[in-house]
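For reference, the structure is listed below as C-alpha cells.
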Amino acid sequence: MTTSTRGRTGRSLLLTSGLALALAAVAVPFYWLAVGATHSSQELFSSPPPLLPGGHLAENLATLQETAHFGRVVLNSLGIATVYTLLAGTVCTLAGYGFATYRFRGRDTLFGLLMLGLVVPAQITLVPLFRMMADLHWLGTYQAVIAPNLALPFGIFLMRQSMAALPKELLDSGRMDGCGELRLFWRVALPPMRPALAALAIFLFLYQWNDFVWPLIVLRDDLTFTIPVALASLQGLDETDYGAILAGTSIAAVPMAVVFLLLQRHFVSGLLAGAVKE
C-alpha cells in the first residue's frame, strides 16, 4: 500500500468516524425521547435509567388526552402551522419578488429597515403586539397567533435573494408577450423558485410549530392551545408527569420530520439559491 493510499484511507476513516459520532449525537436524544415516552415518571428517574421501551405508553397517552385534550391540541397546531405557512409564504414570496425585480425610490432603504427585524429581539415587540391584538378583540383566537408574523424578515430576505437570480431578460420577454404582472409572477418567476419555496415552507412551518411564547400570551382557553403551550401546562408546582410530556413531545416531532423528509431534496438547494450576487 502506497503512502498516498494510506493517507486517503486514514482521511476516509477519520471522516467516517466523525460522521458516526455526529449521527450518534443526533440520534441518541431522539431514541431517549421515544423510550421515555413508554415509561412512567418514577421509572424515568430510577437508577440506572431505562434504556429499553417500557409498557406505559398507553397510560401516558391517556393522561395527555385527559389533562390537555391532546387530540384537539395536535389539530390546533397542524391547522395553525399549515395556514401560517401558506399565508406567510405568499406574503414573503410576493415581497421578495417586489424587492428583487422592481426599481423604486427608497427600495434599498426600505429593505434595510426590514432587515433590522433580524437583529431586533422578538421580546421587544410582545407588548405592542399584545395591545394591538387586544384592540382588535383577537385575544384567545387563532388569528392572533397567525397574523403578527406573516411578513417574516428572514422569509422575505430568502425569497428576495432567490428572486434576484432570475434573468431580467426572462421577465422582460414575458412582458413583451403580454403577461400582466400577476401572471408574470405566477407563470414565469415562480416555477424556477421551487427549491427556495420548499426551504421557505420548511422554515415557516417549523417556526410556527415550535413557537411557544406568543401563543402562550394570546391563547386563553386550553382547547385552543398549541402543542408547546399544552405540554408546558402539564408541568405542575408539586408534581410533573414527565412520561406524558415525553409522549407528547414524541408526537410533536412526527409532523416536523414528515415535512422535512418530504421537502429535503429541495431544502439545501433552496438555501444555496440565495447565495447570489447582484
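The values are calculated or read from the model by the stated rules, or taken from the named source; none is laboratory data. Just so we're clear, the structure is a prediction, and the values are computed from it rather than from any experiment. With ideal geometry, Cβ positions are generated from the backbone for all residues, glycine too; neighbour counts draw on all protein chains shown. Areas reflect the complete protein model, heavy atoms only, side chains present, ligands, DNA and RNA absent. Shrake-Rupley method; radii C 1.70, N 1.55, O 1.52, S 1.80 Å.
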On the accessible surface of the chain, probed at 1.4 Å with all protein chains in place, carbon and sulfur together account for a percent value of 68
Quick check on packing: order 41-49, 85-93 by the mean number of other C-beta atoms within 10 Å, highest mean leading. 85-93, 41-49
Estimated inter-spin distance, L206 and L21, nm [label 7 Å along Cα→Cβ]: 2.4
Kindly provide log₁₀ I(q)/I(0) values, in the same order as q = 0.11, 0.18, 0.19 Å⁻¹, from the Debye equation applied to equal alpha-carbon scatterers of the stretch 14-168. -0.80, -1.08, -1.12
Can you tell me, using C-alpha contacts under 8 Å and at least 6 residues apart, the relative contact order of the chain as a whole percent? 31
For the chain, longest principal axis from Cα atoms; helix 194-210 axis from its Cα atoms; angle between them, nearest 10 degrees, is 40
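Can you tell me the accessible area per residue over the chain, all protein chains present, probe 1.4 angstrom, in square angstrom?
Details: 16440 Å² over 278 residues.
For the chain, the solvent-accessible area averages 59 Å² per residue.
Between L57 and L150, take the C-beta separation as r, use R0 = 35 Å, and let me know the FRET efficiency to the nearest 0.05. Working shown, then result.
Details: r = 38 Å, r/R0 = 1.08.
So the FRET efficiency works out to roughly 0.40.
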Can you give me the long-range amide H partners of T38? Hydrogens built in the peptide plane at 1.01 Å from N, cutoff under 5 Å, separation of 5 or more residues or another chain. G54
Highest to lowest packing among 56-64, 179-187, 29-37, scored as the average C-beta count within 10 Å: 56-64, 29-37, 179-187
I'd like the orientation of helix 153-163 relative to the chain: the angle between its Cα long axis and the longest Cα principal axis, in ° from 0 to 90, rounded to 10. 50
Using the basic label-point model (7 angstrom from Cα toward the beta carbon), what is the A165 to F45 distance in nanometres? 5.2
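How much length is gained if the chain between V254 and D172 is pulled fully straight, taking 0.36 nm per residue apart and subtracting their Cα-Cα distance, in nm to one decimal? Before the final figure, lay out each step's value.
On the way: separation 82, 0.36 × 82 = 29.52 nm, distance 4.41 nm.
Between V254 and D172, full extension yields 25.1 nm more.
Determine the calculated [θ] at 222 nm for the chain from helices alone, applying -39500 (n - 2.57) to every DSSP H run no shorter than 4 residues and normalising by the residue count; nearest 500 deg cm²/dmol.
-22000 deg cm²/dmol
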For helix 242-272, what angle does its Cα long axis make with the longest principal axis of the chain, in degrees from 0 to 90 and rounded to 10? 30
Which value in nm describes the separation of the simple spin-label points at L86 and E239, placed 7 Å from the Cα toward the beta carbon? 4.3
Across 5 Å bins from the origin, how do the percents of Cα pairs in the stretch 1-78 run, short distances first? 3, 13, 13, 13, 12, 11, 8, 7, 6, 5, 4, 3, 2, 0
